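Bear in mind these aren't lab numbers, they're just calculated from the coordinates by the rules spelled out. A quick note: this is a predicted structure, and the numbers were derived from the prediction, not measured. Neighbour counts are summed over all protein chains in view; Cβ atoms, including those assigned to glycine, are modelled from backbone coordinates with ideal geometry.
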Amino acid sequence: MREKHIDERLQAICDLVPEGTGTLLDVGTDHGYVPIHLIKNNIVKHAIASDISPPSLKKAQREIEKSGLSNRIETRVGSGLEVIHRGDEIDVVVVSGMGGVLISQLLETSKELISRSGFTFIFQPVQAPQELRSYLARNDFVILDEVFLKSSNKYYQIIVAMYKATPSFVERFPEFEDVKEYYELSPGIIRKSDAVLLEYVEGRLEEISYICLQLETLKKKKGLTSVQEDRLNLMVRKKEFYEKVRKYALKRIG
């Protein structure tokens, strides 16, 4: 049963948490809606809700108390995985509502802990997912699953990953290997193409085409600086990529 505060984005995160999870850590919990929902629906047995901001954590504490779950959801103030104590047996870590750069920085500060943890991570970057994917690829994480969705007129990507995990499948996707250049969309998301992804891709194509037109017009009038020329080349590559994704999505949707 969906709680009233659980929108499509939070529900998608909750749906990726395995039923029967022992302990979940929700980093940057805000109001604590995710752990509350997971405990109430018997998906998770115990949870730790953390936030770097004491006032924000107070909001979560009030919601947890109101739900009668203070004995099953612990709250901790702190940054990222630094809230984990020796002896904690955490199975799943949710990190949502932050940018991809910040999430990468939080992971970087806890590399030793992660290397011996066996955590399943559920990341939901609100921006710069390409920065997070790039970090994961450079640091021996394996992406196990991904979800693309729209909620409240915004598009979101959710990434499930583990450190040095064994991939559940290995499948070549050669027509989209060039996505590795900037990690904006991954083969895992493209494989699941639907009407929402197609809508997003068409919007991105419109934005990128406009930028290309502006730069190409400037180039004809008075030329481009080396920085502008590099930007134009990048935009042209992105346009080609998104056109390819659009074609694939249309074919898959039928």
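According to the square roots a ≥ b ≥ c of the eigenvalues of the Cα gyration tensor, what is the shape class of the chain, taking rounded for a/c under 1.5, prolate for a/b larger than b/c otherwise, and oblate for the remainder? Working shown, then result.
Values: a/c = 1.98, a/b = 1.92, b/c = 1.03.
It is prolate, given that a/c is not under 1.5 and a/b is the larger ratio.
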Cα-based shape type of the range 1-57, given that a ≥ b ≥ c are square roots of the gyration tensor eigenvalues and the cut on a/c is 1.5:
oblate
Rounded to the nearest 500, the 222 nm mean residue ellipticity computed for the chain from DSSP H runs (n ≥ 4, each -39500 (n - 2.57)) alone is -14000 deg cm²/dmol
Please find the FRET efficiency linking Asn139 to Lys221, where r is the Cβ-Cβ separation and R0 is fixed at 41 Å, and quote it to the nearest 0.05.
0.40
Taking a ≥ b ≥ c as the square roots of the eigenvalues of the Cα gyration tensor, with a/c under 1.5 meaning rounded and otherwise prolate when a/b exceeds b/c and oblate if not, the range 1-132 is rounded
For the chain the mean separation of alpha carbon contacts under 8 Å (6+ apart) over residue count, i.e. relative contact order in percent, is 14 percent
Phe141 long-range amide H proximity, modeled H, under 5 Å
Lys164
C-alpha long axis of helix 226-253 to longest principal axis of the chain, angle in °:
70 degrees
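Run the numbers on the range 45-102 and let me know its relative contact order in percent, using alpha-carbon pairs under 8 Å that are six or more apart. Show your work: numbers first, answer last.
On the way: 45 pairs, mean separation 22.1, N = 58.
So the answer I get is 38 percent.
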Taking H placed 1.01 Å from N in the peptide plane, check which residues at least 5 places from Ser96 or on another chain put their amide H under 5 Å from its amide H.
Val27, Gln124
So in the chain, what percent of DSSP beta bridges are antiparallel if you round to the nearest 5?
40 percent
Could you work out the local net charge near Pro129, counting Lys and Arg as +1, Asp and Glu as -1, over the other residues with Cβ closer than 11 Å to its Cβ?
-2
Point-charge dipole on Cβ atoms (K/R +1, D/E -1) for the range 1-107, about Cα centre, debye to 20:
320 debye
With the chain treated as a Gaussian network of Cα nodes joined by springs under 10 Å, which of Leu218, Leu197, Leu232 yields the largest mean-square fluctuation?
Leu218
Full extension between Ile52 and Ser115 adds, at 0.36 nm per residue less the Cα distance, a length in nm of 20.4 nm
